[in-house]
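Asker: Below is the structure I would like to discuss, written out as structure tokens.
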Protein chains: 2
Amino acid sequence: MFNSIASKKVYEQVIEQIQYKILNGELKKGDKLLSERELSEQMNVSRTSIREAIRVLETMGVIESRQGEGNFICTNIEKTLIEPLSMIFKLNNGTLEDILELRIILEIEIAKLASKRITSSEVIELKHIIDEMRVETNKKDNNRVLVLLDQKFHSKLATLSKNYLIQSLFMTASKLFDGFIEDAREKIIAEPFNENILLKQHEAIYNAVVENDVELACEKAKEHMDFISKNYRKNEN
Amino acid sequence: MFNSIASKKVYEQVIEQIQYKILNGELKKGDKLLSERELSEQMNVSRTSIREAIRVLETMGVIESRQGEGNFICTNIEKTLIEPLSMIFKLNNGTLEDILELRIILEIEIAKLASKRITSSEVIELKHIIDEMRVETNKKDNNRVLVLLDQKFHSKLATLSKNYLIQSLFMTASKLFDGFIEDAREKIIAEPFNENILLKQHEAIYNAVVENDVELACEKAKEHMDFISKNYRKNEN
């Protein structure tokens, strides 16, 4: 008996050709793709196949269709990483502990890289966030604002790592994390005294990062993550 | 003037419904989807839209179509993560350094988790790989075999972390890594004495992991990654 030979569908071959041009650098972010008609002529396939391929790449977050303008190469982390990883995670019975383990190492690495790579203008931007946190922590019933500032601080720090791979995975892990326990950050902040502890921890990370003290930054990020983890686990039960 | 309201395409709404059922746990790995006819009836959309949605999810590695059998929920890391992340990475001008930074923290965390979680039957499986490495290292002109054993050792260790999220990201990072410098592992092994150094490093990680010595496992994984990184950087130039 023979094994059946799985033939590649036409639209898959179209996707492969576009992927190939992205991977070898011929297609860059912001580039406009040829029109569907031109693509179908060059590849000698039907426009339906081109359209199918573009739909797939659109859903993957690699192509953006702008009405009346055409198709553009883009990078949409939400679509490319967060949605697929969320599904994979769920289908493999992922637990809160799994996300915590990943998030801890990413946070520590981010603090480390940021403290090596922060520039003086970025110090000022980070300082603004910390100053705002200080002001808002002293107000009452301010949890929603504090949650937003917390997210702002950590995602700013992630960009300061200057490692897009680590930054996008961090964003993905945070999103998975927040989705796991609804309003988890708000619950942690809502507990008495926690908002002050969190402010002190963020200040400590900030100080270490702006002093370019790599080891201290790691240590403070670890302390912060230990505190967060402990609280998340408590809220889970 | 009004802003245009972007209407969601029908196939996107079908994808969302399927994603939702995955995320809330209604659809599990291995489950068979309803037939295209049934789906189109239940969602009250054309079979074309159902087919488009299924193609996208197939390309994303979340659905597998088996001819004559139907569509099944699956997880295909290669399609879901590695391909999209490779494109995102390329589109954001990722460098070898970016991948190294990510791979180092993943390797260390994997060694740490594996040394906590390895079971006695898994010790034997890991020992087989190390034994094979020892035998093959003593043969001449054996680089291809050693590369495969190296990959086998590290991916086995990754599964022993029992954290599917970290394991899949590790596989993704390794793949990106190997794609970056062609035959990089082979080049490193090909250098005189390197195969013996690598054998000793793998043995050291193995020993720490099977003794459940978490700290030593981290230390040995770090030493190994420092050595690998130094050699990769050398090969890049």
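Asker: Would you mind checking the pairs A:LYS175/B:LYS32; A:LYS79/A:LYS222; A:LYS222/B:LYS32; A:LYS187/B:LYS90; A:LYS200/B:LYS175 and listing those with alpha carbons more than 32 angstrom apart?
Answerer: A:LYS222/B:LYS32; A:LYS187/B:LYS90; A:LYS200/B:LYS175
Asker: Please grab the % of Cα pairs in the range B:124-201 that end up more than 19 Å from each other.
Answerer: Across the range B:124-201, Cα pairs with separations above 19 Å total 40 percent.
Asker: Within the accessible area of the range A:118-237, what % is carbon and sulfur when the probe is 1.4 Å and the other protein chains stay in place?
Answerer: Using a 1.4 Å probe with all protein chains present, the range A:118-237 comes out at 53 percent carbon and sulfur.
Asker: If you average the alpha carbon positions of the range A:123-184 and of the range A:71-108, how far apart do those two centres end up, in angstrom?
Answerer: Cα centres, the range A:123-184 to the range A:71-108: 17 Å.
Asker: Could you size up the charge dipole of the range A:8-74 around its Cα centre, putting +1 on the beta carbon of Lys and Arg and -1 on that of Asp and Glu, and report it in debye to the nearest 20? Please report the intermediate quantities before stating the final value.
Answerer: Details: 11 positive and 11 negative charges, 12 e Å.
Rounded to the nearest 20 debye, it is 60 debye.
Asker: Assuming R0 = 35 Å, can you tell me the calculated FRET efficiency for the pair A:ASN207 and B:ASN212, based on Cβ-Cβ distance, to the nearest 0.05?
Answerer: Numbers: r = 37 Å, r/R0 = 1.05.
Efficiency computed from Cβ-Cβ geometry: 0.45.
Asker: So what's Rg/Rh here for the range A:44-141, counting alpha carbon atoms and using the Kirkwood radius for Rh?
Answerer: With Rg and the Kirkwood Rh in hand, the quotient comes to 1.16.
Asker: Just subtract the alpha-carbon distance of A:SER35 and A:ILE197 from 0.36 nm times their residue separation and send over the number in nm, one decimal. If you can, show how the numbers build up before the last one.
Answerer: Values: separation 162, 0.36 × 162 = 58.32 nm, distance 5.57 nm.
So the chain would gain 52.7 nm between A:SER35 and A:ILE197.
Asker: Take the Cα pairs of chain A, get the Kirkwood Rh, then feed it into Stokes-Einstein at 4 °C and 1.567 mPa s and tell me D in µm²/s.
Answerer: Value of D from the Cα-based Kirkwood radius: 63 µm²/s.
Asker: Right, something else. Interface B/A, total buried accessible area with a 1.4 Å probe, nearest 100 Å²?
Answerer: So the buried area, both faces added, is about 4800 Å².
Asker: Hey, got a sec? Which GluC sites (Glu not before Pro) in the range B:1-71 land in a DSSP loop and have at most 11 other Cβ atoms within 10 Å? Write out the running numbers ahead of the final one.
Answerer: Values: sites: B:GLU12, B:GLU16, B:GLU26, B:GLU36, B:GLU38, B:GLU41, B:GLU52, B:GLU58, B:GLU64, B:GLU69; in loops: B:GLU26, B:GLU69.
Counting only loop positions with at most 11 other Cβ atoms within 10 Å, the GluC sites (Glu not before Pro) in the range B:1-71 are B:GLU26, B:GLU69.
Asker: Which value in deg cm²/dmol, rounded to the nearest 500, describes the helix-derived mean residue ellipticity at 222 nm for chain B, given -39,500 (n - 2.57) per DSSP H run of n ≥ 4 and division by the residue count?
Answerer: -23000 deg cm²/dmol
Asker: I'd like the GluC sites (Glu not before Pro) in the range B:109-195 restricted to DSSP loop residues with at most 10 other Cβ atoms within 10 Å, sorted by number.
Answerer: Passing sites in the range B:109-195 are B:GLU182.
Asker: State, to one decimal in nm and shortest first, how far the label point of B:LYS140 sits from each corresponding label point in the other identical copies (label point: 7 angstrom along Cα-to-Cβ).
Answerer: For B:LYS140, the inter-copy label distances come out at 8.5 nm.
Asker: Quantify how strongly other chains surround peptide A:89-102 by giving the mean number of their Cβ atoms within 10 Å of each of its Cβ atoms.
Answerer: Numbers: counts 5, 9, 14, 7, 4, 3, 3, 0, 2, 7, 3, 1, 8, 7.
The per-residue average across the peptide is 5.
Asker: Using a 7 Å offset from Cα along the direction of the beta-carbon, what are the separations from B:PHE227 to the same position in each other copy, nm, ascending?
Answerer: 4.0
Asker: Right, another one. Work out the P(r) tail for the protein assembly as shown: percent of alpha carbon pairs separated by more than 31 Å, whole number.
Answerer: The proportion of pairs with Cα distances above 31 Å equals 51 percent.
Asker: Can you tell me, using C-alpha contacts under 8 Å and at least 6 residues apart, the relative contact order of chain B as a whole percent?
Answerer: Details: 232 pairs, mean separation 47.5, N = 237.
Contact order relative to length: 20 percent.
Asker: Oh, and also: Taking a label point 7 Å out from Cα toward Cβ, give me the nm distances from A:LEU23 to the same spot in the other copies, shortest first, one decimal.
Answerer: Copy-to-copy label distances at A:LEU23, shortest first: 2.9 nm.
Asker: Let me ask something else about it. Given a 1.4 angstrom probe, what's the average accessible area per residue across the protein assembly as shown, in square angstrom?
Answerer: On the way: 23800 Å² over 474 residues.
Heavy-atom SASA per residue in the protein assembly as shown reads 50 Å².
Asker: Note every residue of the range B:4-52 with a reduction of at least 20 square angstrom in accessible area, all protein chains present versus the isolated chain, computed with a 1.4 Å probe, or write none.
Answerer: Listed by number, the residues meeting the 20 Å² cut-off are B:LYS9, B:TYR11, B:GLU12, B:GLN19, B:ILE22, B:LEU23, B:LYS29, B:GLU52.
The values are calculated or read from the model by the stated rules, or taken from the named source; none is laboratory data. Bear in mind the structure is a predicted one, so any value in this text is a computation, not a measurement. As a convention, Cβ positions derive from the backbone with ideal geometry for all residues, glycine included, and neighbour counts pool all protein chains shown. What goes into the accessible areas is simple: the full protein's heavy atoms, side chains included, and nothing from ligands, DNA or RNA. Shrake-Rupley method; radii C 1.70, N 1.55, O 1.52, S 1.80 Å.
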